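The values are calculated or read from the model by the stated rules, or taken from the named source; none is laboratory data. Remember, predicted model here, so these are calculated numbers, not experimental data. Every residue, glycine among them, receives a Cβ derived from its backbone with ideal geometry; neighbour counts consider all protein chains shown.
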Amino acid sequence: MLNRRNCLAVLGGAGAALVKGPASAQAWPSRPIRIVVPFPAGGSADVSARLIGEAFREALGQGTVVENKLGAGGNLAATDAARSPADGYTLFIGTNGTQTINGSLYRRPGFDAVTDFTPIGLVWESPNVLVVSKDLPVRTVAELVAYAKAQPDRLSFGSSGLGSPTHLAAELFKARTGAPMTHVPYRGQAPAITDLLSGQLQVMFPLVPDILTHLQSGAVRGLAVAAPARSIILPDIPAMAEAGAQGVVASAWIGLFAPAGLPDAVVRRLTQELGTTVARPDFVQRLRDIGVVVQPLLGDAFVAKMAAERSHWAKLIADLGVKID
């Protein structure tokens, strides 16, 4: 039987447990939040993380720290985030690469994209765009395919690395059109674009924000966007199907994630604040200025999108026979 002193001790212990449990979630956040980004400073993912961080600081009353962690196609950053405590103080800017491609591409990515993360929401999606050197004598997709088939050893396409979204988009194009092209993988997209500008490469499938200034200046020629419809950023460039290449849809996106096991109250608050952030006209405009269109997707719809993409890319990667140790 419990006497009064023991009863008070039990109640006191229970109260302490409650403080460590749900109450700590209710008090969130009480210190700065870290946002891990798998790309270098200055890129579209990094800019997005910093804009989200600014909005969260205003809404939540706590600072945010963006940490750029590069390597292994985003796996190092993803592993870091996945292994962090599920307390709301580590967030991750996940991409289609880390969340839908790398699980099939790498033998040991270091994390499980399905079970190791709590998805908060999609922020934006940007299509790959088929671009060619301005010196290549083609102006349409049909002309490029005909040129490639007539000179099967002539064309090379660059990518930001083996199995990267820029590589897979080109392989999808080859599979759908039968256009022969030789893959030249680079360590990052910047050197590949440099060689495209100089004419050493003839073809690339970069993202819209990564090639936008060069398209606008006429330094490269855009033939089609790998999307179901034209991009509002590049309205003069046709969609692939419109240009005659059916089934060539490829894009990159970023979303906000947290480690698995995040308290429900924190998930709800993060989802609410992300939804508010991506609806802000200033946020939308600042991202459009760098060439991306905000396309928010929250909850089950985002989870379903990722599941469909995993299946799609897994098949292409298996068909290519590509694996990275």
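Confirm whether residue 204 is buried (at least 22 other Cβ atoms within 10 Å of the Cβ), farther than 24 Å from residue 77 by Cα, in the same structural domain as residue 160 (by TED's automatic domain parsing) and at pLDDT 95 or above. For residue 204, the condition - buried (at least 22 other Cβ atoms within 10 Å of the Cβ), farther than 24 Å from residue 77 by Cα, in the same structural domain as residue 160 (by TED's automatic domain parsing) and at pLDDT 95 or above - is met. Looking across the range 62-116, the residues that are within 18 Å of residue 37 (Cβ to Cβ), touching a strand residue (DSSP E or B) at 6+ places or on another chain (Cβ under 7 Å) and of a type in the set (A, V, I, L, M) come down to 65, 66, 77, 78, 81, 82, 91, 93. Picking from residues in the range 277-325 that are in a helix (DSSP H, G or I) and small (Gly, Ala, Ser), the one that is surrounded by the most Cβ atoms within 10 Å (Cβ to Cβ) is 314. Under the condition of being touching a residue at least 12 places away in the same chain (Cβ under 8 Å) and outside any helix (DSSP H, G or I), the residues counted in the range 125-150 number 15. Considering the range 1-84, the qualifying helices (runs of 4 or more DSSP H), each wholly inside and each with 3 or more residues that are at pLDDT below 90 and not aromatic (Phe, Trp, Tyr), run over 4-20, 22-26. Do the conditions hold for residue 230, that is, is it part of a loop (DSSP other than H, G, I, E, B) and of a type in the set (D, E, K, R)? For residue 230, the condition - part of a loop (DSSP other than H, G, I, E, B) and of a type in the set (D, E, K, R) - is met. Of all residues in the range 160-177, those being buried (at least 23 other Cβ atoms within 10 Å of the Cβ), of a type in the set (A, V, I, L, M) and in contact with a strand residue (DSSP E or B) (Cβ under 8 Å, 6 or more places away or on another chain) number 2.
Between 118, 194, which is hydroxyl-bearing (Ser, Thr, Tyr), part of a helix (DSSP H, G or I) and either surrounded by fewer than 22 Cβ atoms within 10 Å (Cβ to Cβ) or outside the structural domain of residue 87 (by TED's automatic domain parsing) (or both)?
Of 118, 194, the one residue that is hydroxyl-bearing (Ser, Thr, Tyr), part of a helix (DSSP H, G or I) and either surrounded by fewer than 22 Cβ atoms within 10 Å (Cβ to Cβ) or outside the structural domain of residue 87 (by TED's automatic domain parsing) (or both) is 194.
Among the conditions (1) free of Cβ contacts under 8 Å to residues at least 60 places away in the same chain; (2) among the polar types (S, T, N, Q); (3) farther than 25 Å from residue 72 by Cβ, residue 311 misses just one, which is (3).
Has the range 255-267 got any residue that is small (Gly, Ala, Ser), surrounded by fewer than 23 Cβ atoms within 10 Å (Cβ to Cβ) and under 16 Å from residue 124 (Cα atoms)?
no
On the stretch given as the range 57-105, residues that are within 20 Å of residue 262 (Cβ to Cβ) and surrounded by 23 or more Cβ atoms within 10 Å (Cβ to Cβ) total 12. Checked against the criterion of being buried (at least 19 other Cβ atoms within 10 Å of the Cβ), touching a residue at least 12 places away in the same chain (Cβ under 8 Å), β-branched (Val, Ile, Thr) and closer than 30 Å to residue 80 by Cβ, the range 219-236 contains not a single residue that satisfies it. You will find that of 95, 140, the residue that is modelled with pLDDT of 95 or more and assigned by TED's automatic domain parsing to the domain that holds residue 49 is 95 and no other. One residue stands out in the range 257-282 among those that are β-branched (Val, Ile, Thr) and in contact with a strand residue (DSSP E or B) (Cβ under 7 Å, 6 or more places away or on another chain): the one that is farthest from residue 33 (Cα to Cα), namely 278. The set of residues in the range 180-218 that are among the β-branched types (Val, Ile, Thr) and free of Cβ contacts under 8 Å to residues at least 60 places away in the same chain comprises 182, 184, 193, 194, 213.
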